[in-house]
Amino acid sequence: MSEKPKYYITTAIAYTSGKPHIGNTYEIILADAIARYKRSKGYDVFFQTGTDEHGQKIELKAQEAGITPKEYVDNVAGEIRRIWDLMNTSYDKFIRTTDEDHEKQVQKIFKKLYDQGDIYKGYYEGMYCTPCESFFTESQLVDGKCPDCGREVLPAKEEAYFFKMSKYADRLIEHINAHPEFIQPVSRKNEMMNNFLLPGLQDLCVSRTSFKWGIPVDFDPKHVVYVWLDALTNYITGIGYECDKESTEQFKKEWPADLHLIGKDIIRFHTIYWPIFLMALDVPLPKQIFGHPWLLQGDGKMSKSKGNVLYADELVDFFGVDAVRYFVLHEMPFDNDGVITWELMVERMNSDLANTLGNLVNRTVSMTNKYFGGAVTNKGVAETEEEKAVDADLKAVTENTPKAVDSKMESLRVADAITEIFNLFKRCNKYIDETMPWALAKDEAKKERLETVLYNLIESIKAGAVLIESFMPETSEKILFQLGDGRVTDKPEILFARLDVDEVMKKVDELHPPVKEEESAKEDTPVIDIEAKPEITFEEFGKMQFQVGEIIACEEVKKSKKLLCSQVKVGSQVKQIVSGIKAHYKPEEMVGKKVMVLVNLKPAKLAGVLSEGMLLCAEDAEGNLALMTPEKEMPAGAEIC
């Protein structure tokens, strides 16, 4: 018996800056559909995903939250994994870049590249984008802003290690030209070649000294490893790559990866930096890198800062897991951005899922029970030429659909593959209209023809249900259970209930009240939209204790550029609170202020100093902070309610 062919598929690891929106979640669902399909075709699949947990952005968010970076990423990584599991994704490994074995290998990789002369020490001076963790020259900026995310960049100069990218550029160009399937779609390949590789690569900054939340360079610990060098290597460390000795049997089996599935916004890192790192390590390149398009909310890119974010768990509450899976997979074109709206979700729910598929299964099970007590066999009766023709056509579509789906999936055209399966379901519905079982049932002489019709229907729907398993696994299981093995269930289960779009939008508006036009039109009053957090109950809110505090002493935290340590009088107690506000307040300015305090926050150490609460601040779009103070004079300890 021949050994199963292997298939190693990865997603980009999710950055732990916050809860992933449905645009982020699309990638794990897409990868899961591909992984499930490959398993169905007999492949031994290894499917890896995970979280990217280092960098300056994480360090800053943790400081703002008053917790350690590790506590912060533990919380977010747990939320990401919860959503991945909610969406019924069948990953085999969830790697975290804070995993000890990964961190050790990254240090060894950095040392190896340094020892062989691919990395050298120098100084970096340029423009830095904190959200993207990337340096840029003035010429690379777009309208003075980050070319990747469009946000503000700041001048930065620091000692750093650099990787000699140009040393491997020609070799990478040669590989891309010799392997046209390496970067997909072709438009992504053309972008990388014309905009980056052919004009010439600059050496890449691969370490930082201005923050600490990263993997230390073990031979020069004031440096931490560049977050992308750390993150990209997860694809090999997660399967047992060993830098300084023979790698594990799993690595030998799985590598090279068959598919890196990533968003188009990080294509440069995966098709230029990553292959060059691998060349320097003398490790084979992955077989294919697919940069999928974005899922847009309405007419714009989904962005937490824009406040137009949809979350998978919220959509699941309205539509169910498989309906959300169907929508994001079916509505995303191969090479263009897709669009998601509440209204479009309802439309697809009603037309494709409730009507085309759900009603088809319901009618078939009901008629089989009504006319034959739940069991039919193939009588093979088709007496007229018309009957023979419709039977033959249904059979042909049923037999050809798996081939069509195979063809689409081979080229990663997942939306087209789903369309092929639903074309089969549509053909089944048409077959019902053509054969009119209800009319056949009125004529006893047509009983065997009726049984043949229902048998044909059941077999064709079963074939479609088997094919849809990769995309809608729970639905596939429910359909196959209802159709049974020789006998259908006594009562059909409603797979998808029709929804009223007005009722859905009313509930959505209750969850997310729309901004009134007159309010949004006030240009003289600046506003900021921030990411909406999950709803909490009044009881949950009641667990948080807010009080007025008076700062009676304040000093800088040694060995920290951002932290102040305040002694805050709250009633008869004095609490020590560490805050990342040194850039906005001097210690002497703090003393005497009445402030709002979250009193019962779990104590945590920041820069080695115990913090026993949190001072509440407001932040504007430029990152300026202001302490929240009571409007009127209030005593220290007054409850904020």
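Cβ-Cβ below 7 Å, separation at least six or inter-chain, first residue in the stretch 309-329 and closer than 16 Å to E79 by Cα, second assigned to a helix (DSSP H, G or I) and of a type outside the set (A, V, I, L, M): which pairs?
Qualifying pairs under 7 Å: A312/T25.
Read through the list (1) part of a helix (DSSP H, G or I); (2) in contact with a helix residue (DSSP H, G or I) (Cβ under 6 Å, 6 or more places away or on another chain); (3) of a type in the set (S, T, N, Q), then give the number of the only condition that S470 fails.
(1)
Out of all the residues in the stretch 581-589, is one or more on the phi < 0 side of the Ramachandran plot, out of contact with any strand residue (DSSP E or B) (no Cβ under 6 Å at 6 or more places or on another chain) and part of a strand (DSSP E or B)?
No, the stretch 581-589 has no match at all.
When you scan the stretch 58-72, do you find a residue that is closer than 19 Å to S210 by Cα, modelled with pLDDT of 95 or more, of a type in the set (D, E, K, R) and surrounded by fewer than 16 Cβ atoms within 10 Å (Cβ to Cβ), even just one?
Checked the stretch 58-72: at least one residue is closer than 19 Å to S210 by Cα, modelled with pLDDT of 95 or more, of a type in the set (D, E, K, R) and surrounded by fewer than 16 Cβ atoms within 10 Å (Cβ to Cβ).
Here is a check on your reading of the model: is L610 at pLDDT below 85, within 20 Å of P69 (Cα to Cα) and surrounded by 12 or more Cβ atoms within 10 Å (Cβ to Cβ)?
When the stated conditions are applied, L610 does not pass them.
Please work out which one of (1) part of a helix (DSSP H, G or I); (2) free of Cβ contacts under 8 Å to residues at least 40 places away in the same chain is the condition P147 fails and give its number.
The single condition P147 does not satisfy is (1).
Identify the single condition in (1) at pLDDT below 95; (2) of a type outside the set (A, V, I, L, M); (3) surrounded by 12 or more Cβ atoms within 10 Å (Cβ to Cβ) that N195 does not satisfy, given that it satisfies every other one.
All conditions pass for N195, except number (3).
Looking only at the stretch 430-440, which residues are surrounded by fewer than 17 Cβ atoms within 10 Å (Cβ to Cβ) and at negative phi?
If the condition is that a residue be surrounded by fewer than 17 Cβ atoms within 10 Å (Cβ to Cβ) and at negative phi, then K430, D433, E434, W438, A439 are the ones that fit.
Is one or more of the residues making up the stretch 476-494 outside any loop (DSSP other than H, G, I, E, B), within 30 Å of the chain's Cα centre (by Cα) and either surrounded by fewer than 15 Cβ atoms within 10 Å (Cβ to Cβ) or hydroxyl-bearing (S, T, Y) (or both)?
Scanning the stretch 476-494 turns up at least one residue that is outside any loop (DSSP other than H, G, I, E, B), within 30 Å of the chain's Cα centre (by Cα) and either surrounded by fewer than 15 Cβ atoms within 10 Å (Cβ to Cβ) or hydroxyl-bearing (S, T, Y) (or both).
Collect the residues in the stretch 542-553 that are surrounded by fewer than 22 Cβ atoms within 10 Å (Cβ to Cβ), of a type in the set (A, V, I, L, M, F, W, C) and either touching a helix residue (DSSP H, G or I) at 6+ places or on another chain (Cβ under 8 Å) or not in a loop (DSSP other than H, G, I, E, B) (or both), keeping them in residue-number order.
F546, I552, A553, listed by residue number.
Would you pick out the residues in the stretch 412-446 that are under 13 Å from H330 (Cα atoms), free of Cβ contacts under 8 Å to residues at least 60 places away in the same chain and among the acidic types (D, E)?
E420
The rows are residues; the columns are (1) modelled with pLDDT under 95; (2) aromatic (F, W, Y); (3) closer than 25 Å to T51 by Cα; (4) part of a loop (DSSP other than H, G, I, E, B).
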| site | (1), (2), (3), (4) |
| --- | --- |
| K104 | no, no, yes, no |
| Q107 | no, no, yes, no |
| F110 | no, yes, yes, no |
| G117 | no, no, no, yes |
| Y123 | yes, yes, no, no |
| Y128 | yes, yes, yes, no |
| P131 | yes, no, yes, yes |
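Take the residues in the stretch 59-90 that are outside any helix (DSSP H, G or I) and within 21 Å of L615 (Cα to Cα), then tell me which one is farthest from the chain's Cα centre (by Cα).
Selected residue: G66.
Name the single residue that is surrounded by the fewest Cβ atoms within 10 Å (Cβ to Cβ) among those in the stretch 249-277 being of a type in the set (K, R) and closer than 18 Å to F196 by Cα.
K264
Looking only at residues in the stretch 358-385 that are among the β-branched types (V, I, T), part of a loop (DSSP other than H, G, I, E, B) and in contact (Cβ under 8 Å) with a residue 24 or more places away in the chain, which one is surrounded by the most Cβ atoms within 10 Å (Cβ to Cβ)?
The selected residue is V376.
How about the stretch 587-617: which of its residues are among the hydrophobic types (A, V, I, L, M, F, W, C), in contact with a Leu (Cβ under 7 Å, 6 or more places away or on another chain) and under 23 Å from G637 (Cβ atoms)?
M590, V595, M596, V597, L598, M614, L615, L616, C617
Answer yes or no as to whether E387 is modelled with pLDDT under 95, assigned by TED's automatic domain parsing to the domain that holds S476 and not hydrophobic (A, V, I, L, M, F, W, C).
no
Residue by residue, here is whether (1) modelled with pLDDT under 95; (2) assigned to a helix (DSSP H, G or I); (3) aliphatic (A, V, I, L, M); (4) under 16 Å from A389 (Cβ atoms) holds:
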site	(1), (2), (3), (4)
T419	no, yes, no, no
N423	no, yes, no, no
R427	no, yes, no, yes
K430	no, yes, no, yes
D433	no, yes, no, yes
A439	no, yes, yes, no
L450	no, yes, yes, no
V453	no, yes, yes, yes
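Could you please let me know if G214 is in a loop (DSSP other than H, G, I, E, B), farther than 22 Å from I276 by Cβ and within 27 Å of the chain's Cα centre (by Cα)?
It is false that G214 is in a loop (DSSP other than H, G, I, E, B), farther than 22 Å from I276 by Cβ and within 27 Å of the chain's Cα centre (by Cα).
For the stretch 11-30, check the following and say yes or no: at least one residue is in a strand (DSSP E or B) and not hydroxyl-bearing (S, T, Y).
yes
Which one is nearest to P333 (Cα to Cα), of the residues in the stretch 3-37 that are touching an Asp or Glu at 6+ places or on another chain (Cβ under 7 Å) and β-branched (V, I, T)?
Once the filter is applied, the top-ranked residue is T11.
Out of all the residues in the stretch 177-211, which are in contact (Cβ under 8 Å) with a residue 24 or more places away in the chain and assigned to a helix (DSSP H, G or I)?
S187, R188, K189, E191, M192, F196, L197, listed by residue number.
The values are calculated or read from the model by the stated rules, or taken from the named source; none is laboratory data. As the structure is a computational prediction, the values presented were derived from the model and not from experiment. Note: ideal-geometry Cβ built from the backbone for every residue, glycine included; neighbour counts use all protein chains shown.
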